[in-house]
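Derivation of every value follows stated rules applied to the coordinates shown; laboratory data play no part. What you see is a predicted model; the values in this text were computed from it and never measured. Glycine gets a Cβ as well: all are built from the backbone with ideal geometry, and neighbour counts include every protein chain shown.
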Amino acid sequence: DAKTTQPTSMDCAEGRAANLPCNHSTISGNEYVYWYRQIHSQGPQYIIHGLKNNETNEMASLIITEDRKSSTLILPHATLRDTAVYYCIAGYNKLSFGAGTTVTVRA
Amino acid sequence: NAGVTQTPKFRVLKTGQSMTLLCAQDMNHEYMYWYRQDPGMGLRLIHYSVGEGTTAKGEVPDGYNVSRLKKQNFLLGLESAAPSQTSVYFCASTTIPFTGLTASEQYFGPGTRLTVT
């Protein structure tokens, strides 16, 4: 099972880009990286996933390093509504989510 | 299109009581999952189903039973509730299995907050 390491918390200024790192050094070649977020105890919300290439959608961008041992989720213009816990999941890992990163966007 | 719904939203049980949590999805998803989330922690998989009539154990299955009699519904049962089962329970569904090896997107319900006293 691939393990992930994320910072416990981080702050971001409204309107600025938020860069959320995730370390997954034990990921294997066919395991995906997924990002979800959970706003104030609601059900988690899917953000993005990737395998090898960088990915972008309407919510965020995902940058995966060439060796695939780490990735960064980028929220291009953070708003107050982006305040949430962000979970990085790499591969199987019992299909469970870790503690994630608590992101606070400040005005 | 309601997505994933969960019933009830809140419940308080006494130790030893039983109850069933209902998860329903209207997206015709084949795969469904039950998670629990304890305060300040992430989500842990309890049980999952790969289709109507099938169930399988996740990371923390003890004390829970599940059934998937209809494709759209996934039931989680607590036969004899214990204070350690105080948690928030989330249900999720997917079109393709969420295995870590697939481009799968999970859709989550709003959760059921259960307190066992």
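What to note about this one:
- When B:19, B:41 are checked against the criterion of being of a type outside the set (Asp, Glu) and without any contact (Cβ under 8 Å) to a residue 12 or more places away in the chain, B:41 stands alone in meeting it.
- Every residue from the range B:50-63 that is in a strand (DSSP E or B) and either of a type in the set (A, V, I, L, M, F, W, C) or in contact with a helix residue (DSSP H, G or I) (Cβ under 7 Å, 6 or more places away or on another chain) (or both): B:56
- Residues satisfying the stated conditions in the range A:1-27, i.e. without any contact (Cβ under 8 Å) to a residue 60 or more places away in the chain and either assigned to a strand (DSSP E or B) or closer than 19 Å to residue A:102 by Cβ (or both): A:5, A:19, A:21, A:23
- Residue that is surrounded by 15 or more Cβ atoms within 10 Å (Cβ to Cβ) and at positive phi, where the choices are B:111, B:53, B:63: B:111
- Of all residue pairs spaced 6 or more apart or on separate chains, those with beta-carbon atoms under 9 Å, a first member in the range B:63-91 that is more than 18 Å from residue B:110 (Cβ to Cβ) and a second member that is crowded, with 19+ Cβ neighbours inside 10 Å and among the charged types (D, E, K, R) are B:64/B:36; B:85/B:36.
- Applying the set (1) away from chain A (no Cβ under 11 Å); (2) within 13 Å of the chain's Cα centre (by Cα) to residue B:27 leaves exactly one unmet item: (2).
- Counting only residues that are surrounded by 17 or more Cβ atoms within 10 Å (Cβ to Cβ), in contact (Cβ under 8 Å) with a residue 40 or more places away in the chain and assigned to a loop (DSSP other than H, G, I, E, B), the range A:28-75 holds 4 of them.
- Scanning the range B:64-117 for residues that are among the aromatic types (Phe, Trp, Tyr), in a loop (DSSP other than H, G, I, E, B) and more than 14 Å from chain A (Cβ to nearest Cβ) returns a single hit, B:64.
- On the stretch given as the range A:86-107, residues that are out of contact with any Leu (no Cβ under 6 Å at 6 or more places or on another chain), within 16 Å of residue A:13 (Cα to Cα) and outside any loop (DSSP other than H, G, I, E, B) total 4.
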